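S.K.: Right, I'll just put the structure down here and ask away after.
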Amino acid sequence: MRTQVGIVGAGPAGLMLSHLLHLLGIESIVIENRSREYCEARIRAGLIEQWACDLLRETGVGARMQQEGIYHEGIKLRFGGALHRIDFKQLVGKGVTIYGQQEIVKDLIAARLSAGTQILFEVEDVTVHDLDGKKPKIRFTHAGKEDEIGCDFIGGCDGFHGICRPSIPDGVLTAYDRDYPFGWLGILSESPPPDDELIYCYHERGFALYTMRSPALARLYFQCAPDTDIENWSDKRIWEELHLRLGGARKLAEGKILQKGITPMRSFVTEPMQHGRLFLAGDSAHIVPPTGAKGMNLAFADVRVLSRAIGEFYRTAKSEPLDRYSETVLPRVWKAQRFSWWMTQLLHRFPHESAFDRRRQLAELDYLATSRAAATTLAENYTGLPMA
Ligand code: RFL
Ligand code: PHB
């Protein structure tokens, strides 16, 4: 098989890269080690920054998001027994949209397939080769047969546990990371969300987040120990914990728990995000803790830059924008890292914190609730910094 850009991974990064390249008249093939059903059912992100909604709409894959997404003009912070609203609209004139990542994945897969792009699901034994030369290759097994894609460029969009980043020779990449001493236990419940906006809850028992997927589907998370075994959390125990953390601010309707899981919390960046003709995008190059809701948005920001740089290469034969890919995207990556870390340290309980640390967190929350300058900083970052 031969194509212009071989893409490893059919998550938001890989699918959006293929989509944007198609709009520039550039061919790609996407390979994915999971099944289509698995990719379309994997529950993850929910919150999309305004520029990313515009990108989906402007590139013709936003129709269902426009219909079914829930637009939010603010969020609520809960601490000290009260709710405090941060009004994004008033502060920065922007908002965010709640629309499940798996719905975006469904919309992107449908668009790719209807345009005739090949997506090979359930591939195995993926390896990448000749990254330093002009004709890199991807080898894999599909339907029991060994196969190879010869291409001009490889999009390494295979997430944090993928094979692309580890295929870059030793000594090229520098990793910057931080693990957090907690995880999030998340559920999807057939029940109305407690509020029509997201509530970020600071609580003695640990952080909780109340979000949603629709007026009848709540998505609820709470901070848990990093080694928590989901088997030890019966539905009854989960609801008890959620009631305790919401602490009477809102009535929390219980419903059937459709899905539950634990998310580890990590900050990670690799620099550079490229080697030869392999370009990393999305979670394969960086991970943020979900508190700032930035991961999928960053994946879209990366591939927006990468697709344009590849477009420029085919249009003018200039490789300079591709050479500068990491340099171009990393400032945004690091600002999202900073914001995600800041939201995380502000709202969670840490094992070795002191009474001083708790007082400092409360003072910062109070500052956010009472200072227009502080709230504007939160609103500007949360709704998405301007795109270059
Ligand atoms: P993905 O989504 O992990 O996709 C990578 C794809 O590559 C496949 N793959 C391979 N394919 C072929 N060969 C191999 N060897 C392969 N190895 C892996 C995988 O099966 C997969 O299909 O990475 P991508 O595309 O970079 O997208 C990143 C986002 O998924 C991630 O950043 C977000 O989900 C993060 N995130 C959030 N981001 C937001 O922007 N807003 C949010 O509100 C938000 N909330 C969240 C989140 C992530 C969460 N969890 C579960 C980690 C909430 C949670 C709880
Ligand atoms: C979600 O809706 O899943 C979501 C929203 C905001 C976050 C994290 C997750 O910060």
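The values are calculated or read from the model by the stated rules, or taken from the named source; none is laboratory data. Quantities reported herein were computed from a predicted structural model and do not represent experimental measurements. FYI the Cβ positions are ideal-geometry reconstructions off the backbone, even for glycines, and counts take in every protein chain you see. For the accessible areas, the whole protein counts, side chains as well, though only heavy atoms, and no ligand, DNA or RNA atoms are used. Shrake-Rupley method; radii C 1.70, N 1.55, O 1.52, S 1.80 Å.
S.K.: Assess whether Cys201 counts as being away from ligand 1 (no atom under 15 Å from the Cβ) and in contact with a strand residue (DSSP E or B) (Cβ under 7 Å, 6 or more places away or on another chain). Talk me through it step by step, then tell me what you get.
M.R.: Details: away from ligand 1 (no atom under 15 Å from the Cβ): yes; in contact with a strand residue (DSSP E or B) (Cβ under 7 Å, 6 or more places away or on another chain): yes.
Taking the combined requirement at face value, the residue satisfies it.
S.K.: Another question, then. Taking the criterion of being assigned by TED's automatic domain parsing to the domain that holds Asp158, farther than 22 Å from Cys157 by Cα and surrounded by 20 or more Cβ atoms within 10 Å (Cβ to Cβ), would at least one residue in the stretch 322-341 satisfy it?
M.R.: yes
S.K.: Kindly list the number of the only condition in (1) part of a helix (DSSP H, G or I); (2) within 12 Å of ligand 1 (Cβ to nearest atom); (3) in contact with a Leu (Cβ under 8 Å, 6 or more places away or on another chain) that fails for Ile43.
M.R.: Condition (1) is where Ile43 drops out.
S.K.: Taking only pairs six or more apart or across chains, which ones have beta-carbon atoms under 9 Å, a first residue in the stretch 349-362 that is touching a residue at least 24 places away in the same chain (Cβ under 8 Å) and under 20 Å from Cys201 (Cβ atoms), and a second residue that is in a loop (DSSP other than H, G, I, E, B) and of a type in the set (Asp, Glu)?
M.R.: Once the first residue is touching a residue at least 24 places away in the same chain (Cβ under 8 Å) and under 20 Å from Cys201 (Cβ atoms) and sits in the stretch 349-362, its partners that are in a loop (DSSP other than H, G, I, E, B) and of a type in the set (Asp, Glu) give Arg349/Glu204; Gln361/Glu353.
S.K.: In the stretch 57-90, which residues are polar (S, T, N, Q) and surrounded by 13 or more Cβ atoms within 10 Å (Cβ to Cβ)?
M.R.: Thr59, Gln66, Gln90
S.K.: Consider only pairs whose beta carbons are under 9 Å apart and that are at least six residues apart or on different chains; among these, list those whose first residue lies in the stretch 125-141 and is closer than 15 Å to Met1 by Cβ and whose second residue is of a type in the set (S, T, N, Q) and in a strand (DSSP E or B).
M.R.: Val126/Thr141; Lys137/Thr127; Ile138/Thr127; Arg139/Thr127; Phe140/Thr127
S.K.: Report, by residue number, each residue of the stretch 262-294 that is on the phi > 0 side of the Ramachandran plot and either open to solvent by 20 Å² or more (accessible area, probe 1.4 Å) or of a type in the set (Lys, Arg) (or both).
M.R.: Across the stretch 262-294, the qualifying residues are Gly276, Ala293.
S.K.: Here's something else I'd like to know. I'd like the residue in the stretch 295-314 that is charged (D, E, K, R) and touching a residue at least 12 places away in the same chain (Cβ under 8 Å) and, out of all such residues, is most open to solvent (accessible area, probe 1.4 Å).
M.R.: Taking the stretch 295-314 and keeping what is charged (D, E, K, R), we get 302, 304, 308, 312.
Cutting the leftovers down to touching a residue at least 12 places away in the same chain (Cβ under 8 Å) gives us 302, 304, 308.
Values: Asp302: 2, Arg304: 42, Arg308: 135 Å².
Once the filter is applied, the top-ranked residue is Arg308.
S.K.: When the residues of the stretch 164-174 are filtered to those that are open to solvent by less than 60 Å² (accessible area, probe 1.4 Å) and out of contact with any helix residue (DSSP H, G or I) (no Cβ under 6 Å at 6 or more places or on another chain), which remaining residue is farthest from Lys260 (Cα to Cα)?
M.R.: Selected residue: Val172.
S.K.: Which of the helices (runs of 4 or more DSSP H) found entirely inside the stretch 303-388 contain at least 1 residues meeting this: closer than 30 Å to His22 by Cβ?
M.R.: Here the list reads 320-323, 325-347.
S.K.: With Leu220, Leu198, Leu209, Leu244 as the choices, which residue is more than 13 Å from ligand 2 (Cβ to nearest atom) and surrounded by 13 or more Cβ atoms within 10 Å (Cβ to Cβ)?
M.R.: Leu244
S.K.: Quick check, is Thr270 in contact with a strand residue (DSSP E or B) (Cβ under 6 Å, 6 or more places away or on another chain) and modelled with pLDDT of 95 or more?
M.R.: On the way: in contact with a strand residue (DSSP E or B) (Cβ under 6 Å, 6 or more places away or on another chain): yes; modelled with pLDDT of 95 or more: yes.
So Thr270 fits the description; yes.
S.K.: To continue, here is another question. Tell me the residue from Gly248, Gly261 that is within 30 Å of Asp229 (Cβ to Cβ) and in contact with a strand residue (DSSP E or B) (Cβ under 7 Å, 6 or more places away or on another chain), please.
M.R.: Going through Gly248, Gly261 in turn, the sole match is Gly261.
S.K.: Now for a separate question. Under 6 Å between Cβ atoms, which residue pairs at least 6 apart in sequence (or on different chains) link something in the stretch 213-225 that is in contact (Cβ under 8 Å) with a residue 60 or more places away in the chain and farther than 14 Å from Leu47 by Cβ with a partner that is assigned to a loop (DSSP other than H, G, I, E, B) and more than 14 Å from ligand 1 (Cβ to nearest atom)?
M.R.: Gln223/Gly206; Gln223/His348
S.K.: Scan the stretch 10-40 residue by residue and report those that are assigned to a helix (DSSP H, G or I) and either at positive phi or of a type in the set (S, T, N, Q) (or both).
M.R.: If the condition is that a residue be assigned to a helix (DSSP H, G or I) and either at positive phi or of a type in the set (S, T, N, Q) (or both), then Ser18 is the only one that fits.
S.K.: Answer yes or no: is there a residue in the stretch 26-45 that is farther than 23 Å from Gly150 by Cβ, crowded, with 17+ Cβ neighbours inside 10 Å and in contact with a Pro (Cβ under 8 Å, 6 or more places away or on another chain).
M.R.: Within the stretch 26-45, one or more residues are farther than 23 Å from Gly150 by Cβ, crowded, with 17+ Cβ neighbours inside 10 Å and in contact with a Pro (Cβ under 8 Å, 6 or more places away or on another chain).
S.K.: For a quick check of your reading of the model, give me the residue pairs whose first member lies in the stretch 64-92 and is within 18 Å of Gly292 (Cα to Cα) and small (Gly, Ala, Ser), whose second is assigned to a helix (DSSP H, G or I) and open to solvent by 60 Å² or more (accessible area, probe 1.4 Å), with beta-carbon atoms closer than 7 Å and at least 6 apart or on different chains.
M.R.: Gly74/Lys89
S.K.: From the set of residues in the stretch 102-131 that are among the polar types (S, T, N, Q) and assigned to a strand (DSSP E or B), which is surrounded by the fewest Cβ atoms within 10 Å (Cβ to Cβ)? Even if it seems obvious, please write down each step before you answer.
M.R.: Taking the stretch 102-131 as the starting set, the residues that turn out to be among the polar types (S, T, N, Q) are 102, 114, 117-118, 127.
Going one step further and asking which of them are assigned to a strand (DSSP E or B), we end up with 118, 127.
On the way: Gln118: 15, Thr127: 13.
The qualifying residue surrounded by the fewest Cβ atoms within 10 Å (Cβ to Cβ) is Thr127.
Yes or no, residue by residue, for (1) assigned to a helix (DSSP H, G or I); (2) over 25 Å from Arg304 (Cα atoms):
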site	(1), (2)
Gly133	no, no
Phe140	no, yes
Gly159	no, no
Ile163	no, no
Pro166	yes, no
